[in-house]
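Since every read-out is calculated from the coordinates, none of them should be taken as a lab result. The shown structure was predicted, so the numbers you read here are calculated from the model rather than taken from an experiment. Note: ideal-geometry Cβ built from the backbone for every residue, glycine included; neighbour counts use all protein chains shown.
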Amino acid sequence: MKRFWKQVTIEADGPGWTIHLDGRPVRTPARSALSVPSEGLAQAVAEEWRGVGEMLDPRAMPLTGLANAAIDRVAPDRAAFARGLANYAEADLACYRAEGPQTLVARQERQWDKLLAWARRRYDVDFATTSGLLHVAQPLATIERLSHAVAELDAFRLAGLSPLVTIGGSLVAALAVLEKALPDEEAWDAVSVDDCWQLDQWGEDAEAKTALDNRRRDFMAAAKFLELLG
């Protein structure tokens with residue numbers, strides 16, 4: 001779509017803020033008004049629209065995309081969306097450790113033990129860990145309590161949490177970012193341990209590095225989205 005607007009503004013609309021182009025509200029792909037629950041997020045989304053050049057590129061507007069997802073995809077069946085994310089409690093990345101070499105084992109322990117320790121304190125749960133790829137069952141109480149934490153979230157926080165979980169493979173790391181218990185950079189370091197170790201061992205492969213950089217960009221955009229919700 002070619003840029004047709006000159007002015008981008010935000011307007012309070014009762015429970016939230018709506019983004020306007022030349023006085024007309026922006027619409028989501030499903031034609032709902034693009035209304036977000038915090039002024040900070042509204043300002044950031046508006047900046048994405050102000051930054052559009054001659055042609056609109058959705059890939060350069062991650063906050064707009066997440067807001068659209070919250071309204072069009074999550075809100076119509078919030079409970080079902082939450083259940084999908086909660087399934088990651090059954091196989092969290094931090095519970096599956098390498099058998100070797102020792103340098104990788106040590107990196108995982110340094111990053112992942114801290115994550116699991118936080119979750120144990122925060123949710124009064126425990127975790128079963130394993131070395132290798134075979135599935136290890138988590139305690140039922142752990143699954144239930146983490147699932148409950150996800151089920152309580154509103155549509156916008158679920159939309160922001162989703163990329164953190166799916167990109168990183170760790171519901172625990174995503175919840176730590178959401179609750180501001182872990183800075184987003186540290187969370188990314190934790191969920192990208194294996195990828196970064198591979199690059200260190202075998203040298204930088206341009207394609208693999210680009211893929212990792214793209215994942216990091218999307219992870220950080222989702223963390224920023226959650227931060228702007230307040």
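Key figures for this structure:
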read-out: Under Karplus coefficients 6.51, -1.76 and 1.60, residue-wise ³J(HN,Hα) of the range 152-160 in Hz, glycine/proline x; value: 7, 7, 7, 4, 5, 5, 5, 5, x
read-out: GNM result for the chain, Cα springs below 10 Å: residue of Leu158, Leu199, Leu41 fluctuating most strongly; value: Leu199
read-out: Relative counts (whole %) of C-alpha pair distances in the chain, using bins that are 5 Å wide; value: 1, 6, 13, 16, 17, 14, 12, 9, 6, 4, 2, 0
read-out: Sequence of Phe219, Phe127, Phe4 once ranked by neighbouring C-beta atoms within 10 Å, starting from the fewest; value: Phe4, Phe127, Phe219
read-out: C-alpha long axis of helix 140-151 to longest principal axis of the chain, angle in °; value: 10 degrees
read-out: Packing-based exposure ordering (other Cβ within 10 Å, fewest first) of Val45, Val74; value: Val74, Val45
read-out: Computed [θ] at 222 nm, deg cm²/dmol, the chain (DSSP H ≥ 4; -39,500 (n - 2.57); rounded to nearest 500); value: -17500 deg cm²/dmol
read-out: GluC sites (Glu not before Pro) restricted to the range 139-191 and DSSP loop, no more than 10 other C-beta within 10 Å; value: Glu152
read-out: DSSP beta bridge pairing in the chain, given as percent antiparallel to the nearest 5; value: 85 percent
read-out: Contact order relative to length of the chain, as percent, for alpha carbon pairs under 8 angstrom and 6 or more apart; value: 20 percent
read-out: Check: the range 8-60 dipole with +1 on Lys, Arg Cβ and -1 on Asp, Glu Cβ, in debye; value: 200 debye
read-out: Angle between the chain longest axis and helix 193-202 axis [Cα atoms, degrees, rounded to 10]; value: 70 degrees
read-out: Relative contact order for the range 8-60, counting Cα pairs under 8 Å that sit 6 or more residues apart, in percent; value: 31 percent
read-out: Rounded, prolate or oblate (a/c below 1.5 giving rounded, otherwise prolate when a/b exceeds b/c) for the range 109-150 by Cα gyration tensor; value: oblate
read-out: Residue order, fewest to most beta carbons within 10 Å, for Val172, Val191; value: Val191, Val172
read-out: Computed E for Glu11/Asn87 - FRET, C-beta separation, R0 35 angstrom, nearest 0.05; value: 0.35
